[in-house]
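Heads up: the structure comes next, in structure tokens.
The values are calculated or read from the model by the stated rules, or taken from the named source; none is laboratory data. All figures in this text were calculated on a predicted structure; none of them were measured in a lab. Ideal geometry is used to build each Cβ from the backbone, glycine not excepted, and the neighbour counts take in all protein chains shown. To get the accessible areas, we keep the full protein, side chains included, count just its heavy atoms, and leave off ligands, DNA and RNA. Shrake-Rupley method; radii C 1.70, N 1.55, O 1.52, S 1.80 Å.
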Amino acid sequence: MEKIKVLITSIGSNTSIGIAKCLKNHCYIVGTDINNYFECNGYIFTDKFFKINPASSLKYEEELIEIIKKEKIDCVIPINDIEIEVIASFKHKYNFVKWALNELEIIKLCNNKYDINNFLSNICNVPKQYLNTSDIQLPIIIKPKNGVSS
């Protein structure tokens with residue numbers, strides 16, 4: 001029986017390494033990253049590795065699709081927040097592969113700390129969010145509106 005071919009992006013990240021370790025015995029793993037293979041700890045869990053342009057590059061979509069076609073990938077699991085949003089914006093054009101990610105609107109909502117806080121405050125008790133420094137009550141945690149990490 002032929003293994004399912006899975007492409008995992010940002011193979012140097014801890015999240016991608018965890019996913020690759022879980023799938024290694026069951027799937028053929030192709031990893032991509034903006035760094036060289038020797039700079040990516042996750043490289044050792046892949047069957048094949050490709051250095052790829054950053055998701056912000058105009059070449060990213062074409063390059064990723066080329067790898068998917070060449071390697072006959074069955075499923076793509078994007079890891080990096082920026083890649084996830086970029087891939088969600090073009091995934092609908094390519095139905096020959098499964099994409100393990102939500103729709104773009106959901107991703108944008110979850111990537112914006114202000115918007116997700118407002119959304120969640122309608123369904124559960126979440127900490128108060130301050131927009132003006134004059135309203136702040138200590139203790140607080142300060143985070144940018146957009147960005148990786150929680």
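Only residues in segment 96-125 that are part of a loop (DSSP other than H, G, I, E, B) count as the first member; pair them with residues that are of a type in the set (D, E, K, R), Cβ under 7 angstrom, at least 6 apart or cross-chain, and list the lot.
Hits for this filter: 97/74.
Here are some residues: 118, 95, 112, 122. Which one is polar (S, T, N, Q), open to solvent by less than 40 Å² (accessible area, probe 1.4 Å) and farther than 24 Å from residue 33 by Cβ?
Working: 118 fails: open to solvent by less than 40 Å² (accessible area, probe 1.4 Å); 95 fails: open to solvent by less than 40 Å² (accessible area, probe 1.4 Å); 122 fails: open to solvent by less than 40 Å² (accessible area, probe 1.4 Å).
It is 112.
In this structure, does residue 108 turn out to be over 20 Å from residue 13 (Cα atoms) and at pLDDT 95 or above? Can you show your working first?
Working: over 20 Å from residue 13 (Cα atoms): yes; at pLDDT 95 or above: no.
For residue 108, the condition - over 20 Å from residue 13 (Cα atoms) and at pLDDT 95 or above - is not met.
Can you confirm whether segment 127-150 contains a residue that is of a type outside the set (Asp, Glu), closer than 19 Å to residue 6 by Cα, open to solvent by less than 80 Å² (accessible area, probe 1.4 Å) and under 24 Å from the mean Cα position of the chain (by Cα)? First the steps, then the outcome.
Our first condition is that a residue be of a type outside the set (Asp, Glu); within segment 127-150, this holds for 127-134, 136-150.
Now restrict to residues that are closer than 19 Å to residue 6 by Cα: none.
No, segment 127-150 contains no residue that is of a type outside the set (Asp, Glu), closer than 19 Å to residue 6 by Cα, open to solvent by less than 80 Å² (accessible area, probe 1.4 Å) and under 24 Å from the mean Cα position of the chain (by Cα).
If I filter segment 52-65 for residues that are open to solvent by 40 Å² or more (accessible area, probe 1.4 Å), of a type outside the set (A, V, I, L, M, F, W, C), farther than 29 Å from residue 110 by Cα and more than 17 Å from the chain's Cα centre (by Cα), do I get at least one hit?
In the first step, residues of segment 52-65 are kept if they are open to solvent by 40 Å² or more (accessible area, probe 1.4 Å); the result is 53-54, 56, 58-59, 61-63.
Narrowing further to those that are of a type outside the set (A, V, I, L, M, F, W, C): 53-54, 56, 59, 61-63.
Among the residues that remain, those that are also farther than 29 Å from residue 110 by Cα are: none.
Within segment 52-65, not a single residue is open to solvent by 40 Å² or more (accessible area, probe 1.4 Å), of a type outside the set (A, V, I, L, M, F, W, C), farther than 29 Å from residue 110 by Cα and more than 17 Å from the chain's Cα centre (by Cα).
Filtering segment 115-134 down to residues that are β-branched (Val, Ile, Thr) and touching a Leu at 6+ places or on another chain (Cβ under 9 Å), which residue is nearest to residue 105 (Cα to Cα)?
Our first condition is that a residue be β-branched (Val, Ile, Thr); within segment 115-134, this holds for 116, 123, 126, 133.
Next, from what is left, pick out any that are touching a Leu at 6+ places or on another chain (Cβ under 9 Å): 116, 126.
On the way: 116: 12, 126: 21 Å.
Across segment 115-134, the extreme among qualifying residues is 116.
Considering only segment 69-78, I want to know if a residue exists there that is closer than 30 Å to residue 49 by Cβ, open to solvent by less than 90 Å² (accessible area, probe 1.4 Å) and part of a helix (DSSP H, G or I). I'd like the intermediate steps shown before the answer.
Pass one, segment 69-78, residues closer than 30 Å to residue 49 by Cβ: 69-78.
Subsequent filtering for residues that are open to solvent by less than 90 Å² (accessible area, probe 1.4 Å) retains 71, 73-78.
Adding the requirement that they be part of a helix (DSSP H, G or I) leaves 71.
Within segment 69-78 (the criterion being closer than 30 Å to residue 49 by Cβ, open to solvent by less than 90 Å² (accessible area, probe 1.4 Å) and part of a helix (DSSP H, G or I)), the answer is yes, since at least one residue qualifies.
Looking only at segment 8-46, count every residue that is open to solvent by 60 Å² or more (accessible area, probe 1.4 Å) and farther than 19 Å from residue 97 by Cα and tell me the total. Don't jump to the end; show me each part of the working.
Step one: of segment 8-46, the residues open to solvent by 60 Å² or more (accessible area, probe 1.4 Å) are 14-15, 21-22, 25-26, 28, 34-35, 37-39, 41, 43-44.
Next cut, farther than 19 Å from residue 97 by Cα only: 14-15, 21-22, 25, 34-35, 37-39, 41, 43-44.
Total satisfying the criteria: 13.
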